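A.B. asks: Sharing a structure with you now.
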Amino acid sequence: MEEGLVLCDTNVFINFFNGNEETIDIFKKLGDKRILIHSVTVMELYQGMSNNTELNRMKKKIKNYSILHFNTDVSTLTIEYI
């Protein structure tokens, strides 16, 4: 796979955390250091948790990934990729 960072959306993380084999294989090939999670995605994942136990588990899972926070540069890059 090509070197570089990969920003994954909420559905990708949901597939990964739910054990989707294809997504797990891709994550393994990429490695945790190349996978980014956006702060909005973190919020969406947290929102989907039904209790504090689930929320704490999700927080532990997300710790492995760098969080990309919104600012003008990130917003501009996001628009360019679309």
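A.B. asks: Mind putting a number on the dipole of the chain about its Cα centre? Charges go on the C-beta only, +1 for Lys and Arg and -1 for Asp and Glu, and I need it in Debye to the nearest 20.
C.D. replies: For the chain, the charge dipole is close to 480 debye.
A.B. asks: I've got another one for you. Got the relative contact order for the chain handy, in percent, Cα pairs under 8 Å and 6 or more residues apart?
C.D. replies: Computed over the chain, the figure is 32 percent.
A.B. asks: Let me ask something additional. Candidates [x] 24, 16, 9; [y] 21, 18, 10; [z] 53, 18, 9; which is the computed semi-axes √(5λ) of the Cα gyration tensor in Å?
C.D. replies: [y]
A.B. asks: Mind running the shape call on the stretch 14-60? Use the C-alpha gyration tensor, a ≥ b ≥ c as the square roots of the eigenvalues: rounded below 1.5 for a/c, prolate if a/b tops b/c, oblate otherwise.
C.D. replies: Note, shape of the stretch 14-60 comes out prolate.
A.B. asks: Which order results if His69, His38 are arranged by neighbouring Cβ count within 10 Å, fewest first?
C.D. replies: Fewest-to-most Cβ neighbours within 10 Å comes out as His69, His38.
A.B. asks: Sum -39500 (n - 2.57) across every DSSP H segment of at least 4 residues in the chain, then divide by the residue count to get the 222 nm mean residue ellipticity, nearest 500.
C.D. replies: The helix contribution divided over the chain gives -17000 deg cm²/dmol.
A.B. asks: Give me the distance in nm between label points sitting 7 Å out from Cα along the Cα-to-Cβ direction at Asp32 and Asn52, one decimal.
C.D. replies: Placing both labels 7 Å beyond Cα along the Cβ direction yields 2.6 nm.
A.B. asks: Out of the stretch 37-79, which chymotrypsin sites (Phe, Trp or Tyr not before Pro) are coil in DSSP terms and have no more than 16 other C-beta atoms within 10 Å?
C.D. replies: Answer in residue order: Phe70.
Read the figures in this text as sums done on the coordinates, not as results from a lab. All figures in this text were calculated on a predicted structure; none of them were measured in a lab. A quick note on method: Cβ atoms are made from the backbone with ideal geometry, for glycine too, and the neighbour counts reach across all protein chains shown.
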